[in-house]
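Input: a single structure, listed below in C-alpha cells.
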Amino acid sequence: TARRKEIAIRLALGGSRARIVRQLLIEGFVLALLGGVCGLLLGLWSSDLLVASLSKILPMDVVWLGGPNPMILGATLGFCVLGTICFALGPALKLSRAAVIEDLKQQAGEDAHRPGWGFLPRNPLVVVQIAFSLALVTAAALFLRGAGKAASVETGFQAKNVFLVEVDASLGGFDQKHAQDLYRMVGEKFSILPGVEHAGISATVPFGISTVRRTVLRAGVPPAPDDKPATAAEGRTFAPFWNSVGADYFAGVGLKLLRGRAFTAAEATEPGGPAVAVIDEVLAKKLWPDGDALGQRIQFPVRENAPPETAEDGSGQIRRGEPIEIIGIVPAIKNRLFEKEPVGSLYLPFSRGFQNDAFFFVKFASLSQSSESATADLLRRTVQSVDPLLPVLELRTFAKHVDGNPQLWIVRVGAALFSIFGALALGLAVVGVYGVKAYSVARRTREIGIRMALGAEGRTVQWMILREGFAMVAAG
C-alpha cells in the first residue's frame, strides 16, 4: 500500500495491469519461498531432535530416514503458492485498478477517505491471528498442566529407593526351567546385598511399554455362550491388569496387604504349586460387591469350542477353567499414568505366570543420587555372578522409569511444541496489532494534526487509537 503512488505512475505511463499484478505476485512468492525454505530447514532439524529424544526412552532402536523427500518439498511449495495467492493477489488486484487519478493526487503518507472502508481487510486478519494465538497458548497451558499432574501423579507405589532390573533369560538361550532357577538365584543374591531391604520379581512393570490384561470371572458360574450376564454372580467377566510376582514383591513396592497374606516362597518359585492369587480392592469390589472376596475362587473363562488345556508341558501356567483361590487383597494402583480410576489388578505367583522377560524390584534402605551409578554397577555384577550369559536389558531407578514413560514423553513434547507455537503465534499477533495501528497512525498524520490544531488533546487522540486497537484484541 505504501507503493500506491509508484504503481499509479507505472499505470499512467502505460504499464499493463497484468504486468503490475505479475510483479507483485512474484515479489510475494519470493517472500513466501524464503519463509518456506526456513520452515523446511527448521522442520527437518526439529524432527531429528524429536526422534532422538524418543529413542532414549524406547527399548528398541529407532530407524529414522531424515532429509527432504518429494512429498515434503511438494507440500512446502504448495503452501508457498497458497500463501502468495491468499496474501499477495488481493493487494495486487486492488492497487492495479484502472482509477489512478486519486492515487496520483494523494499526498504521501495519507489514506484517501472512502466511506465504509474504515474496517480494512487487514484488521480482520489481525483478529484471526489473535484468536489462533490464544487457542495455541491455551492448548500449551493445558499440556503443561497435564505434564505437571502426570509427573506428580499418585501411583499407589511406595517405590522410593527402588532399583528396577530387567532381564530376559531366553535371549541367553536358557529354557524355562533353567530360567526359573536363574531368577530364583538372582533374587536370593539381591536380597543379601548390603543395604537391600527387599528384592522382588514381576513379569510386568507399571507404566512400562506394554501391560497385560486378562479376563476373569467367579469360579463355577460360567455363562452360556448366548448369555449377557449383568452381574458377577451371573457370570459377568472383568478384565483387570495381570501380573505374576514373587514372594517379596509387595513389600518391595510398598503395597501393604489389606487382608490375607502374600505369596510364600514356595508358591512363587514352584511351578506345580497351588493356584492362588492376590487381587486389589477394586477387583474385589467388582467380583463380590456385597461380600468379602478373601477365600473365594475365580477362574479364567474357557474359550468356546477350544480344546482343553493340560499341564503336561510342565510350564506350570494356570489353565483356563482352573479354580484360583484369592489369598490376599492389596490397595489399588495405577498401571497407566492417565487412568482416571484404577480398573483392577490380578497378581499370580511368578511360577504360575512365568515370563522370560522379568523385572526385579530391589529396594534399598537409602539411595542417594550420587551413589546410583555405583549401585547400578553392583547390581549388574551380581547378575553376571549368577550367569554371565544372563542379559540385563534395563537398569535404573523406578523414579527414572516413570519419568521415561512414553505417555509422559508425549505430554511433555506436546507441552513444549504448543508452548513454542503459542509463543510464536502470540508474537505474530502482537506484531500484527502493532503493525496495523502504527501504519494507520502514520497514514493519518494529517488528520491527527488537524484534530490537534482544532483543539483536541493528546490523550483524546491516544485514546481514539487505543480504542480501535482494543476492539481488534477483544474481537480476537
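Is one or more of the residues making up the stretch 261-281 at pLDDT 90 or above, in a helix (DSSP H, G or I) and out of contact with any helix residue (DSSP H, G or I) (no Cβ under 7 Å at 6 or more places or on another chain)? Yes; the residues of the stretch 261-281 include at least one that is at pLDDT 90 or above, in a helix (DSSP H, G or I) and out of contact with any helix residue (DSSP H, G or I) (no Cβ under 7 Å at 6 or more places or on another chain).
Scanning the stretch 338-368 for residues that are in a strand (DSSP E or B) and within 22 Å of Thr397 (Cβ to Cβ) yields Asp357, Ala358, Phe359, Phe360, Phe361, Val362, Lys363, Phe364.
In the stretch 187-221, what residues are under 20 Å from Gln299 (Cβ atoms) and touching a strand residue (DSSP E or B) at 6+ places or on another chain (Cβ under 8 Å)?
Ala203, Val212, Arg213, Arg214, Thr215, Val216, Leu217, Arg218, Ala219, Gly220
Residues in the stretch 413-438 that are touching a Leu at 6+ places or on another chain (Cβ under 9 Å) and open to solvent by 70 Å² or more (accessible area, probe 1.4 Å) were compared, and the one that is farthest from Thr204 (Cα to Cα) is Leu426.
Does any residue in the stretch 132-155 that is of a type in the set (Val, Ile, Thr) and at pLDDT 80 or above come within less than 9 Å, Cβ to Cβ, of a residue that is surrounded by fewer than 16 Cβ atoms within 10 Å (Cβ to Cβ) and not in a loop (DSSP other than H, G, I, E, B) six or more places away or on a different chain, and which pairs are these? Cβ pairs passing all conditions: Val137/Ala423.
Answer yes if at least one residue in the stretch 142-165 is on the phi > 0 side of the Ramachandran plot and open to solvent by less than 50 Å² (accessible area, probe 1.4 Å), and no otherwise. Checked the stretch 142-165: at least one residue is on the phi > 0 side of the Ramachandran plot and open to solvent by less than 50 Å² (accessible area, probe 1.4 Å). Look at the stretch 442-470: where a residue is under 25 Å from Ile130 (Cβ atoms) and a partner is open to solvent by 40 Å² or more (accessible area, probe 1.4 Å), sitting 6+ places away or on another chain with Cβ atoms under 7 Å, you get Arg443/Glu110; Arg443/Asp111; Arg444/Asp111; Val461/Arg451; Val461/Met452; Ile465/Val441.
For the structure I just gave you, tell me whether Thr204 is under 23 Å from Glu270 (Cα atoms) and in a loop (DSSP other than H, G, I, E, B). So Thr204 fits the description; yes. Kindly check whether there is at least one residue in the stretch 316-330 that is open to solvent by less than 60 Å² (accessible area, probe 1.4 Å) and assigned to a helix (DSSP H, G or I). Checked against the condition, which is being open to solvent by less than 60 Å² (accessible area, probe 1.4 Å) and assigned to a helix (DSSP H, G or I), the stretch 316-330 yields no hits at all.
Those residues that are under 27 Å from the mean Cα position of the chain (by Cα) and surrounded by 20 or more Cβ atoms within 10 Å (Cβ to Cβ), I need them from the stretch 347-359; list them, please. Correct list: Ala358, Phe359.
Of the residues examined, Leu171 is one that is in contact with a Pro (Cβ under 6 Å, 6 or more places away or on another chain), assigned to a helix (DSSP H, G or I), in contact (Cβ under 8 Å) with a residue 12 or more places away in the chain and more than 30 Å from Val433 (Cβ to Cβ). Among residues of the stretch 221-241 that are on the phi > 0 side of the Ramachandran plot, those with a beta-carbon under 6 Å from a residue that is among the aliphatic types (A, V, I, L, M) and open to solvent by less than 40 Å² (accessible area, probe 1.4 Å) at least six positions away or on a different chain give the pairs Gly235/Leu217. With respect to Val402, is the statement that it is surrounded by 13 or more Cβ atoms within 10 Å (Cβ to Cβ), hydrophobic (A, V, I, L, M, F, W, C) and touching a residue at least 24 places away in the same chain (Cβ under 8 Å) true? Criteria met by Val402. Within the stretch 55-69, which residues are touching a residue at least 24 places away in the same chain (Cβ under 8 Å) and closer than 16 Å to Gly208 by Cβ? Passing the criteria: Lys56, Ile57, Leu58, Pro59. Considering only residues in the stretch 1-16 that are in contact (Cβ under 8 Å) with a residue 40 or more places away in the chain and surrounded by 15 or more Cβ atoms within 10 Å (Cβ to Cβ), the one that is farthest from Leu93 (Cα to Cα) turns out to be Lys5.
Quick check on my filter: what residues within the stretch 17-54 are more than 30 Å from Phe359 (Cα to Cα), open to solvent by 60 Å² or more (accessible area, probe 1.4 Å) and touching a residue at least 60 places away in the same chain (Cβ under 8 Å)?
If the condition is that a residue be more than 30 Å from Phe359 (Cα to Cα), open to solvent by 60 Å² or more (accessible area, probe 1.4 Å) and touching a residue at least 60 places away in the same chain (Cβ under 8 Å), then Arg17, Glu27 are the ones that fit.
Based on this model, can you work out whether Asp290 counts as out of contact with any Gly (no Cβ under 9 Å at 6 or more places or on another chain), among the charged types (D, E, K, R) and at pLDDT below 85? It is false that Asp290 is out of contact with any Gly (no Cβ under 9 Å at 6 or more places or on another chain), among the charged types (D, E, K, R) and at pLDDT below 85.
The values are calculated or read from the model by the stated rules, or taken from the named source; none is laboratory data. None of the values given here were measured: they were computed from a predicted structure. Heads up, the Cβs are rebuilt from the backbone with ideal geometry, glycines too, and the neighbour counts pull from every protein chain shown. What goes into the accessible areas is simple: the full protein's heavy atoms, side chains included, and nothing from ligands, DNA or RNA. Shrake-Rupley method; radii C 1.70, N 1.55, O 1.52, S 1.80 Å.
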